[in-house]
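> The structure's right below; bear with me while I get my questions together.
The values are calculated or read from the model by the stated rules, or taken from the named source; none is laboratory data. None of these values were measured; they are calculated from a predicted model. Note that we place each Cβ from the backbone using ideal geometry, even for glycine, and neighbour counts take in every protein chain shown. Heads up: the accessible areas ignore ligands, DNA and RNA and are worked out on the full protein's heavy atoms, side chains in. Shrake-Rupley method; radii C 1.70, N 1.55, O 1.52, S 1.80 Å.
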Amino acid sequence: MTTLFSESEERLALRKAVGELGRKYGRAYFEEAARSGKKTDELWDEAGKLGYLGVAVPEEFGGGGGDIGDLAAVCEELAAAGCPLLMMVVSPAIVGTTIAQFGTEEQKQRWLPGFADGTTKMAFSITEPDAGSNSHKITTTAYRDGDGWRIKGGKTYISGVDEASHVLVVARMEDAKTGKLKPALFILPTDAEGFSATEIDMGITSPEKQFTLFFDDVRVPGDALVGSENAGIEQLFAGLIPERIMAASFATGTARLALEKATAYAKERKVWDQPIGAHQAIAHPLAQTHIEISLARLMTQKAAALLAAGDFMAAGEAANMAKYASAEAACDAVDRAVQTHGGNGLANEYGLAQMIAGSRLSRIAPVSREMVLNFIAQFSLGLPKSY
(Lines give C-alpha, C1' and ligand atoms only; values in the text may rest on other atoms or scores of the structure.)
Protein backbone atom coordinates (compact mmCIF):
# COMPACT_ATOMS: atom_id res chain seq x y z
CA MET A 1 0.00 0.00 0.00
CA THR A 2 1.22 3.52 -0.84
CA THR A 3 1.52 5.94 2.08
CA LEU A 4 2.47 9.58 2.16
CA PHE A 5 6.00 8.60 3.18
CA SER A 6 6.79 5.58 1.08
CA GLU A 7 5.75 4.09 -2.23
CA SER A 8 4.50 0.59 -2.90
CA GLU A 9 6.82 -2.08 -4.27
CA GLU A 10 4.78 -1.97 -7.48
CA ARG A 11 5.36 1.74 -7.98
CA LEU A 12 9.05 1.47 -7.15
CA ALA A 13 9.33 -1.33 -9.70
CA LEU A 14 7.47 0.88 -12.19
CA ARG A 15 9.94 3.70 -11.56
CA LYS A 16 12.89 1.37 -12.13
CA ALA A 17 11.51 -0.02 -15.38
CA VAL A 18 10.58 3.42 -16.74
CA GLY A 19 14.00 4.79 -15.77
CA GLU A 20 15.66 2.00 -17.74
CA LEU A 21 13.51 2.83 -20.77
CA GLY A 22 14.34 6.53 -20.48
CA ARG A 23 18.07 5.87 -20.24
CA LYS A 24 17.86 3.59 -23.27
CA TYR A 25 17.01 6.72 -25.28
CA GLY A 26 18.77 9.35 -23.15
CA ARG A 27 19.21 13.09 -23.25
CA ALA A 28 21.12 13.00 -26.55
CA TYR A 29 18.11 11.42 -28.26
CA PHE A 30 15.79 14.07 -26.82
CA GLU A 31 17.98 17.02 -27.82
CA GLU A 32 18.60 15.66 -31.30
CA ALA A 33 14.86 15.36 -31.83
CA ALA A 34 14.35 18.93 -30.60
CA ARG A 35 17.14 20.40 -32.74
CA SER A 36 16.13 18.58 -35.91
CA GLY A 37 12.42 19.29 -35.57
CA LYS A 38 11.55 15.64 -34.98
CA LYS A 39 9.25 14.17 -32.35
CA THR A 40 10.09 11.62 -29.69
CA ASP A 41 7.70 9.17 -31.32
CA GLU A 42 9.90 6.10 -30.78
CA LEU A 43 10.00 6.67 -27.02
CA TRP A 44 6.29 7.53 -26.86
CA ASP A 45 5.32 4.44 -28.85
CA GLU A 46 7.47 2.10 -26.78
CA ALA A 47 6.22 3.60 -23.52
CA GLY A 48 2.67 3.09 -24.80
CA LYS A 49 3.23 -0.52 -25.83
CA LEU A 50 4.77 -1.29 -22.44
CA GLY A 51 1.69 0.16 -20.73
CA TYR A 52 3.49 3.07 -19.04
CA LEU A 53 1.34 5.80 -20.61
CA GLY A 54 -1.85 4.03 -19.58
CA VAL A 55 -1.03 3.15 -15.98
CA ALA A 56 -3.87 5.37 -14.71
CA VAL A 57 -6.48 4.30 -17.27
CA PRO A 58 -9.13 1.95 -15.82
CA GLU A 59 -8.42 -1.73 -16.46
CA GLU A 60 -11.70 -2.29 -18.29
CA PHE A 61 -10.42 0.03 -21.02
CA GLY A 62 -7.02 -1.59 -21.34
CA GLY A 63 -5.12 0.46 -18.77
CA GLY A 64 -3.20 -0.39 -15.66
CA GLY A 65 -5.96 0.63 -13.26
CA GLY A 66 -3.60 2.79 -11.19
CA ASP A 67 -3.94 6.40 -10.15
CA ILE A 68 -2.35 9.75 -10.97
CA GLY A 69 0.57 8.97 -8.66
CA ASP A 70 1.58 6.09 -10.93
CA LEU A 71 1.37 8.24 -14.06
CA ALA A 72 3.31 11.02 -12.32
CA ALA A 73 6.03 8.51 -11.45
CA VAL A 74 6.36 7.62 -15.14
CA CYS A 75 6.56 11.30 -16.05
CA GLU A 76 9.22 12.00 -13.40
CA GLU A 77 11.45 9.04 -14.28
CA LEU A 78 11.46 9.90 -17.98
CA ALA A 79 12.36 13.50 -17.16
CA ALA A 80 15.11 12.35 -14.80
CA ALA A 81 16.51 10.21 -17.62
CA GLY A 82 16.68 13.28 -19.86
CA CYS A 83 13.60 12.46 -21.95
CA PRO A 84 10.69 14.50 -20.57
CA LEU A 85 7.43 13.93 -22.43
CA LEU A 86 5.35 17.08 -22.18
CA MET A 87 2.42 15.43 -23.94
CA MET A 88 2.12 13.03 -20.98
CA VAL A 89 0.96 15.99 -18.90
CA VAL A 90 -1.60 16.91 -21.53
CA SER A 91 -2.93 13.78 -23.18
CA PRO A 92 -3.29 10.93 -20.64
CA ALA A 93 -3.28 13.11 -17.51
CA ILE A 94 -5.59 16.01 -18.34
CA VAL A 95 -7.69 14.72 -21.22
CA GLY A 96 -7.64 11.04 -20.26
CA THR A 97 -8.60 11.74 -16.67
CA THR A 98 -11.42 14.07 -17.71
CA ILE A 99 -12.93 11.58 -20.14
CA ALA A 100 -12.55 8.69 -17.68
CA GLN A 101 -14.36 10.65 -14.99
CA PHE A 102 -16.98 12.58 -16.96
CA GLY A 103 -17.23 11.10 -20.44
CA THR A 104 -20.23 9.18 -21.66
CA GLU A 105 -19.89 5.41 -21.91
CA GLU A 106 -19.50 5.78 -25.67
CA GLN A 107 -16.73 8.36 -25.23
CA LYS A 108 -14.91 6.11 -22.78
CA GLN A 109 -15.14 3.15 -25.13
CA ARG A 110 -13.94 5.25 -28.04
CA TRP A 111 -11.02 7.11 -26.47
CA LEU A 112 -9.68 5.42 -23.33
CA PRO A 113 -8.13 2.34 -25.00
CA GLY A 114 -6.06 4.73 -27.13
CA PHE A 115 -4.88 6.62 -24.05
CA ALA A 116 -4.01 3.25 -22.49
CA ASP A 117 -1.63 2.19 -25.26
CA GLY A 118 -0.51 5.64 -26.42
CA THR A 119 -2.12 5.46 -29.85
CA THR A 120 -4.44 8.35 -28.98
CA LYS A 121 -2.82 11.71 -28.42
CA MET A 122 -4.90 14.81 -27.65
CA ALA A 123 -4.03 18.42 -26.89
CA PHE A 124 -5.75 20.56 -24.26
CA SER A 125 -6.71 24.17 -24.88
CA ILE A 126 -7.80 26.60 -22.18
CA THR A 127 -5.39 29.58 -22.31
CA GLU A 128 -6.49 32.63 -24.28
CA PRO A 129 -4.55 35.76 -25.30
CA ASP A 130 -6.69 38.23 -23.36
CA ALA A 131 -7.65 36.02 -20.42
CA GLY A 132 -4.13 35.00 -19.35
CA SER A 133 -4.39 33.11 -16.06
CA ASN A 134 -8.00 34.17 -15.55
CA SER A 135 -9.95 31.19 -16.89
CA HIS A 136 -13.20 32.91 -15.90
CA LYS A 137 -12.61 35.42 -18.71
CA ILE A 138 -12.27 33.01 -21.62
CA THR A 139 -14.34 34.08 -24.61
CA THR A 140 -14.22 31.01 -26.86
CA THR A 141 -17.91 30.26 -27.27
CA ALA A 142 -19.95 27.20 -28.22
CA TYR A 143 -23.51 27.42 -29.44
CA ARG A 144 -26.00 24.87 -30.67
CA ASP A 145 -26.33 24.13 -34.36
CA GLY A 146 -29.00 21.53 -35.02
CA ASP A 147 -27.85 18.28 -33.46
CA GLY A 148 -24.30 19.58 -33.04
CA TRP A 149 -22.31 22.60 -31.93
CA ARG A 150 -20.33 25.44 -33.43
CA ILE A 151 -17.26 26.86 -31.72
CA LYS A 152 -15.85 30.35 -32.22
CA GLY A 153 -12.80 31.96 -30.64
CA GLY A 154 -9.12 31.31 -30.12
CA LYS A 155 -6.50 29.92 -27.76
CA THR A 156 -2.77 30.44 -27.31
CA TYR A 157 0.24 28.58 -25.93
CA ILE A 158 -1.34 25.21 -26.62
CA SER A 159 1.14 22.31 -26.62
CA GLY A 160 1.53 19.57 -29.21
CA VAL A 161 -1.31 20.40 -31.57
CA ASP A 162 0.77 19.27 -34.54
CA GLU A 163 1.01 15.73 -33.12
CA ALA A 164 -2.54 15.45 -31.78
CA SER A 165 -5.55 14.06 -33.61
CA HIS A 166 -7.96 16.04 -31.40
CA VAL A 167 -8.01 18.99 -29.03
CA LEU A 168 -10.03 19.13 -25.82
CA VAL A 169 -11.41 22.69 -25.97
CA VAL A 170 -12.60 24.66 -22.96
CA ALA A 171 -15.40 26.86 -24.25
CA ARG A 172 -18.33 28.71 -22.78
CA MET A 173 -21.97 28.32 -23.69
CA GLU A 174 -25.21 29.90 -22.61
CA ASP A 175 -26.99 28.51 -19.58
CA ALA A 176 -30.66 28.17 -20.55
CA LYS A 177 -31.75 28.80 -16.96
CA THR A 178 -29.70 31.90 -16.17
CA GLY A 179 -28.71 33.22 -19.57
CA LYS A 180 -25.11 33.44 -18.36
CA LEU A 181 -22.14 31.73 -19.95
CA LYS A 182 -20.83 28.56 -18.33
CA PRO A 183 -17.79 26.41 -19.19
CA ALA A 184 -18.10 23.23 -21.22
CA LEU A 185 -15.56 20.89 -22.78
CA PHE A 186 -15.55 19.68 -26.39
CA ILE A 187 -13.42 17.17 -28.29
CA LEU A 188 -12.52 18.79 -31.59
CA PRO A 189 -10.61 17.05 -34.42
CA THR A 190 -7.55 18.96 -35.61
CA ASP A 191 -8.56 18.45 -39.24
CA ALA A 192 -11.98 20.08 -38.74
CA GLU A 193 -13.04 22.71 -41.24
CA GLY A 194 -12.51 26.19 -39.81
CA PHE A 195 -9.82 25.10 -37.35
CA SER A 196 -6.28 26.38 -37.77
CA ALA A 197 -3.10 26.49 -35.70
CA THR A 198 -0.08 28.78 -35.95
CA GLU A 199 3.21 27.77 -34.34
CA ILE A 200 4.72 30.18 -31.79
CA ASP A 201 8.47 30.71 -32.14
CA MET A 202 9.84 29.62 -28.76
CA GLY A 203 13.36 29.73 -27.33
CA ILE A 204 13.02 26.36 -25.60
CA THR A 205 14.68 23.09 -26.60
CA SER A 206 11.70 20.79 -26.88
CA PRO A 207 10.24 18.48 -29.51
CA GLU A 208 6.77 19.66 -28.45
CA LYS A 209 5.75 22.92 -30.08
CA GLN A 210 3.43 25.68 -28.89
CA PHE A 211 0.55 27.03 -30.96
CA THR A 212 -2.07 29.74 -31.26
CA LEU A 213 -5.41 28.24 -32.27
CA PHE A 214 -8.30 29.74 -34.22
CA PHE A 215 -11.86 28.39 -34.24
CA ASP A 216 -13.70 29.95 -37.16
CA ASP A 217 -17.23 28.71 -36.59
CA VAL A 218 -16.02 25.11 -36.34
CA ARG A 219 -18.85 22.60 -36.35
CA VAL A 220 -18.61 19.50 -34.18
CA PRO A 221 -21.21 16.75 -33.66
CA GLY A 222 -23.36 16.51 -30.55
CA ASP A 223 -21.19 13.77 -29.03
CA ALA A 224 -18.18 16.11 -29.06
CA LEU A 225 -19.45 17.55 -25.77
CA VAL A 226 -17.74 15.74 -22.92
CA GLY A 227 -20.27 14.36 -20.47
CA SER A 228 -22.96 16.73 -19.28
CA GLU A 229 -23.12 20.37 -20.32
CA ASN A 230 -23.71 21.22 -16.66
CA ALA A 231 -20.48 19.69 -15.35
CA GLY A 232 -18.01 22.18 -16.86
CA ILE A 233 -16.50 23.47 -13.60
CA GLU A 234 -16.16 19.98 -12.14
CA GLN A 235 -14.57 18.75 -15.36
CA LEU A 236 -12.00 21.54 -15.28
CA PHE A 237 -10.93 20.66 -11.75
CA ALA A 238 -10.86 16.97 -12.69
CA GLY A 239 -8.22 17.77 -15.31
CA LEU A 240 -6.33 20.65 -13.70
CA ILE A 241 -5.40 18.93 -10.43
CA PRO A 242 -3.69 16.05 -12.31
CA GLU A 243 -2.08 18.66 -14.55
CA ARG A 244 -0.40 20.30 -11.55
CA ILE A 245 0.70 16.95 -10.12
CA MET A 246 2.20 15.96 -13.47
CA ALA A 247 3.87 19.35 -13.89
CA ALA A 248 5.41 18.93 -10.45
CA SER A 249 6.79 15.50 -11.40
CA PHE A 250 8.04 16.86 -14.72
CA ALA A 251 9.93 19.57 -12.80
CA THR A 252 11.36 17.29 -10.10
CA GLY A 253 12.57 14.91 -12.79
CA THR A 254 14.35 17.81 -14.46
CA ALA A 255 15.81 18.86 -11.12
CA ARG A 256 17.08 15.34 -10.45
CA LEU A 257 18.82 15.25 -13.84
CA ALA A 258 20.52 18.60 -13.20
CA LEU A 259 21.64 17.50 -9.73
CA GLU A 260 22.96 14.21 -11.11
CA LYS A 261 25.04 16.07 -13.68
CA ALA A 262 26.32 18.55 -11.08
CA THR A 263 27.33 15.96 -8.48
CA ALA A 264 29.08 13.79 -11.06
CA TYR A 265 31.06 16.79 -12.28
CA ALA A 266 31.86 17.93 -8.73
CA LYS A 267 33.35 14.51 -7.99
CA GLU A 268 35.48 14.40 -11.14
CA ARG A 269 36.62 17.99 -11.66
CA LYS A 270 39.83 18.66 -9.74
CA VAL A 271 41.23 22.09 -8.90
CA TRP A 272 44.01 22.61 -6.33
CA ASP A 273 44.57 18.85 -6.22
CA GLN A 274 41.12 17.88 -4.97
CA PRO A 275 37.62 17.49 -6.41
CA ILE A 276 35.66 20.74 -6.36
CA GLY A 277 32.90 18.90 -4.50
CA ALA A 278 35.14 18.96 -1.43
CA HIS A 279 34.53 22.71 -1.18
CA GLN A 280 31.45 23.78 0.77
CA ALA A 281 30.73 26.54 -1.75
CA ILE A 282 30.00 23.73 -4.21
CA ALA A 283 28.74 21.03 -1.83
CA HIS A 284 26.23 23.06 0.16
CA PRO A 285 24.13 24.36 -2.78
CA LEU A 286 23.94 20.81 -4.17
CA ALA A 287 22.95 19.42 -0.78
CA GLN A 288 20.32 22.14 -0.55
CA THR A 289 18.94 21.13 -3.95
CA HIS A 290 18.72 17.50 -2.82
CA ILE A 291 16.65 18.60 0.18
CA GLU A 292 14.39 20.80 -1.96
CA ILE A 293 13.78 18.00 -4.46
CA SER A 294 12.97 15.55 -1.67
CA LEU A 295 10.46 17.96 -0.11
CA ALA A 296 8.82 18.72 -3.47
CA ARG A 297 8.50 15.03 -4.30
CA LEU A 298 6.90 14.32 -0.94
CA MET A 299 4.29 17.04 -1.47
CA THR A 300 3.61 15.71 -4.97
CA GLN A 301 3.11 12.25 -3.51
CA LYS A 302 0.72 13.68 -0.94
CA ALA A 303 -1.30 15.48 -3.63
CA ALA A 304 -1.57 12.29 -5.68
CA ALA A 305 -2.65 10.25 -2.64
CA LEU A 306 -5.31 12.81 -1.69
CA LEU A 307 -6.66 12.87 -5.24
CA ALA A 308 -6.78 9.08 -5.38
CA ALA A 309 -8.69 9.13 -2.08
CA GLY A 310 -11.26 11.53 -3.54
CA ASP A 311 -10.41 14.49 -1.31
CA PHE A 312 -10.47 17.03 -4.12
CA MET A 313 -10.19 20.24 -2.07
CA ALA A 314 -7.18 19.01 -0.11
CA ALA A 315 -5.69 17.56 -3.31
CA GLY A 316 -6.06 20.92 -5.05
CA GLU A 317 -4.19 22.70 -2.26
CA ALA A 318 -1.44 20.07 -2.16
CA ALA A 319 -1.12 19.96 -5.95
CA ASN A 320 -0.63 23.71 -6.13
CA MET A 321 1.99 23.60 -3.38
CA ALA A 322 3.72 20.66 -5.07
CA LYS A 323 3.82 22.49 -8.38
CA TYR A 324 5.24 25.60 -6.70
CA ALA A 325 7.90 23.71 -4.74
CA SER A 326 8.93 21.58 -7.71
CA ALA A 327 9.30 24.58 -10.01
CA GLU A 328 11.49 26.38 -7.48
CA ALA A 329 13.57 23.22 -7.01
CA ALA A 330 14.01 22.77 -10.77
CA CYS A 331 15.06 26.35 -11.42
CA ASP A 332 17.53 26.32 -8.54
CA ALA A 333 18.87 22.88 -9.46
CA VAL A 334 19.67 23.88 -13.04
CA ASP A 335 21.16 27.20 -11.95
CA ARG A 336 23.38 25.52 -9.36
CA ALA A 337 24.39 22.82 -11.82
CA VAL A 338 25.48 25.46 -14.32
CA GLN A 339 27.43 27.28 -11.61
CA THR A 340 29.10 24.04 -10.54
CA HIS A 341 30.29 23.47 -14.09
CA GLY A 342 31.59 27.03 -14.47
CA GLY A 343 32.08 27.89 -18.13
CA ASN A 344 31.33 24.30 -19.07
CA GLY A 345 27.81 24.83 -17.78
CA LEU A 346 27.02 26.80 -20.92
CA ALA A 347 28.75 24.43 -23.33
CA ASN A 348 26.42 22.25 -25.37
CA GLU A 349 28.54 19.21 -24.54
CA TYR A 350 27.29 19.17 -20.94
CA GLY A 351 23.60 19.54 -21.75
CA LEU A 352 22.76 22.15 -19.12
CA ALA A 353 22.40 25.29 -21.21
CA GLN A 354 19.43 23.73 -22.98
CA MET A 355 17.75 23.05 -19.64
CA ILE A 356 17.76 26.68 -18.46
CA ALA A 357 14.73 27.88 -20.44
CA GLY A 358 12.85 24.63 -19.87
CA SER A 359 13.31 24.75 -16.11
CA ARG A 360 12.32 28.42 -16.07
CA LEU A 361 9.08 27.55 -17.82
CA SER A 362 8.09 25.48 -14.80
CA ARG A 363 7.56 28.70 -12.83
CA ILE A 364 5.10 29.93 -15.46
CA ALA A 365 3.15 26.92 -16.69
CA PRO A 366 0.66 25.40 -16.31
CA VAL A 367 -0.08 28.01 -13.66
CA SER A 368 2.22 30.86 -12.61
CA ARG A 369 3.89 30.89 -9.22
CA GLU A 370 2.03 34.13 -8.45
CA MET A 371 -1.37 32.53 -9.04
CA VAL A 372 -0.36 29.62 -6.80
CA LEU A 373 0.54 32.12 -4.08
CA ASN A 374 -2.80 33.86 -4.61
CA PHE A 375 -4.58 30.52 -4.19
CA ILE A 376 -2.70 29.62 -1.01
CA ALA A 377 -3.16 33.09 0.46
CA GLN A 378 -6.91 33.03 -0.15
CA PHE A 379 -7.89 29.40 0.49
CA SER A 380 -5.20 28.18 2.89
CA LEU A 381 -4.68 31.36 4.91
CA GLY A 382 -8.12 32.92 4.56
CA LEU A 383 -6.73 36.24 3.34
CA PRO A 384 -8.89 38.58 1.24
CA LYS A 385 -8.98 37.86 -2.47
CA SER A 386 -6.37 40.04 -4.18
CA TYR A 387 -7.41 39.74 -7.83
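> With Cβ to Cβ distances under 10 Å as the rule, what net charge do the other residues near GLY194 carry (K, R +1; D, E -1)?
The answer is 0.
> Viscosity 0.692 mPa s, temperature 37 °C: Stokes-Einstein D of the chain from its Kirkwood Cα radius, in µm² per second?
Approximately 153 µm²/s, per Stokes-Einstein.
> Here is a follow-up. Provide the convex hull volume over Cα atoms per residue for the range 319-361, in Å³.
Spelled out: Cα convex hull of the range 319-361, divided by residues, is 51 Å³.
> Sticking with this structure for a sec: So for the pair LYS39, GLU59, with labels modelled 7 Å out along Cα→Cβ, what separation do we get in nm?
3.1
> Averaged over every viewing direction, what's the projected area of the C-alpha convex hull for the range 344-387? Give it in nm², one decimal, please.
So the Cα hull casts an average projection of 4.1 nm².
> Next question. On the accessible surface of the chain, probed at 1.4 Å, how many percent belong to carbon and sulfur atoms?
Carbon plus sulfur share of accessible area: 53 percent.
> Relative contact order for the chain: what percent, with Cα pairs under 8 Å and sequence separation of 6 or more?
Relative CO of the chain lands at 15 percent.
> Anything in the chain that counts as a DSSP H helix reaching 15 Å or more along its axis (C-alpha) with Kyte-Doolittle mean of at least -0.5? List them, would you?
68-80, 232-268, 280-308, 312-341
> Shape verdict for the range 60-150, please, from the Cα gyration tensor: rounded (a/c under 1.5), prolate (a/b greater than b/c) or oblate.
oblate
> Quick one, what does Rg over Rh come out to for the range 165-311 if you take C-alpha atoms and the Kirkwood Rh?
Reported Rg/Rh (Cα atoms, Kirkwood Rh): 1.17.
> Between SER159, SER125, SER294, find the one with the highest GNM mean-square fluctuation for the chain; connect C-alpha pairs within less than 10 Å.
SER294
> Another question, then. Give, as a single signed number, the net charge of other residues whose beta carbon lies under 15 Å from the beta carbon of ASN320, with Lys and Arg counted +1 and Asp and Glu -1.
Spelling it out: positives minus negatives among the neighbours equals 0.
> Using the alpha-carbon centroid of each, what span in Å lies between the range 71-150 and the range 313-387?
Using only Cα atoms, the two centres lie 22 Å from each other.
> If you rank ASP130, ASP117 by how much accessible surface each has, with a 1.4 Å probe, what is the order from largest down?
From most accessible down to least: ASP130, ASP117.
> Sorted by mean Cβ packing within 10 Å, highest first, what order do the peptides 196-206, 248-258 take?
248-258, 196-206
> Using Cα pairs under 8 angstrom and six or more residues apart, how large is the relative contact order of the range 291-387, in percent?
Relative contact order comes out at 23 percent.
> Next question. Can you give me the accessible area per residue for the chain, using a 1.4 Å probe, in Å²?
Counting only protein heavy atoms, the per-residue value for the chain is 46 Å².
> Treating only the Cα positions of the range 199-286 as identical point scatterers, give the base-10 log of I(q)/I(0) from the Debye formula at each q in 0.16, 0.20, 0.22, 0.24 Å⁻¹.
The computed values of log10 I(q)/I(0) come out as -0.94, -1.10, -1.13, -1.15.
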